[in-house]
Amino acid sequence: IAGYEPYIYVITGLSTESITNMLNELRVDFLDIKPVDVDVIIKKLRKIVNTGGERPVARKVLDINRDKKVVTEIVETTLTDLGLPINLLGYLHTKTAILCALEDETKLQSVSKKLYPEVADICSMSAYAVERNIRTAVTYCNRNNTKLFNELFLASHAKKVTNAVFLMMAVRYVKKKTGIGGPDDR
């Protein structure tokens, strides 16, 4: 059907990098890792129904290069709202990784080989240290269990969100919030 854009909601028991890459290419709207509470599923489905199935339209489309300062502030606010303390080294690495992925989302297809080394170069660290610090940051967010974290991930507290899933969903959230990529980007 021309112009039809279905919402994609994935519930999976696995959260590997290859699955994350596939979901990224499919441009999933919602991702939950099993087990998922029924109330979580209902809340997300209501969100779709309450909008009549229409996707929200961004008021102003921002350009990552032209509006770097504004986009950076939105990323910083998002990380704070996700429960990430700004004094954590992983905060800087996570922020940098999200900004790099906003410039080129294909970097999310191989975070270990593309994204971590780029962040490591920018931050003068090893790619291993970047991965470890982002993992620590994701753990903090998971532990702090903020409203936004639950909204984006709503995974069981028994399951940990992986770095790749966290970065992918954070990038998607910032893109939706800023309109980066235009109306074809969800």
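Since every read-out is calculated from the coordinates, none of them should be taken as a lab result. Quantities reported herein were computed from a predicted structural model and do not represent experimental measurements. We place every Cβ from the backbone using ideal geometry, glycine too, and count neighbours over all the protein chains shown.
Pairs with C-alpha atoms separated by more than 20 Å, drawn from the list Lys43/Lys175; Lys69/Lys177; Lys114/Lys147; Lys47/Lys147; Lys107/Lys160, are Lys43/Lys175; Lys114/Lys147; Lys107/Lys160. If I take all pairs of Cα atoms in segment 76-135, what percentage of them are more than 18 Å from each other? Looking at segment 76-135, the distances longer than 18 Å represent 28 percent of pairs. Once the chain from Thr139 to Val38 is taken as fully extended at 0.36 nm per residue, the excess over their C-alpha distance is 34.0 nm. The phi torsions of segment 100-106, fed into the Karplus equation with coefficients 6.51, -1.76 and 1.60 and a -60° offset, translate into couplings of 5, 5, 5, 6, 8, 5, 5 Hz, rounded to whole numbers, with Gly and Pro shown as x.
Counted by neighbouring Cβ atoms within 10 Å, the residues Phe30, Phe153 run from fewest to most as Phe30, Phe153. Were the residues from Tyr9 through Lys68 laid out at 0.36 nm apart, the gain over their Cα-Cα distance would be 18.2 nm. The Lys176 and Tyr128 beta-carbon pair, evaluated with R₀ = 22 Å, returns a calculated FRET efficiency of approximately 0.10.
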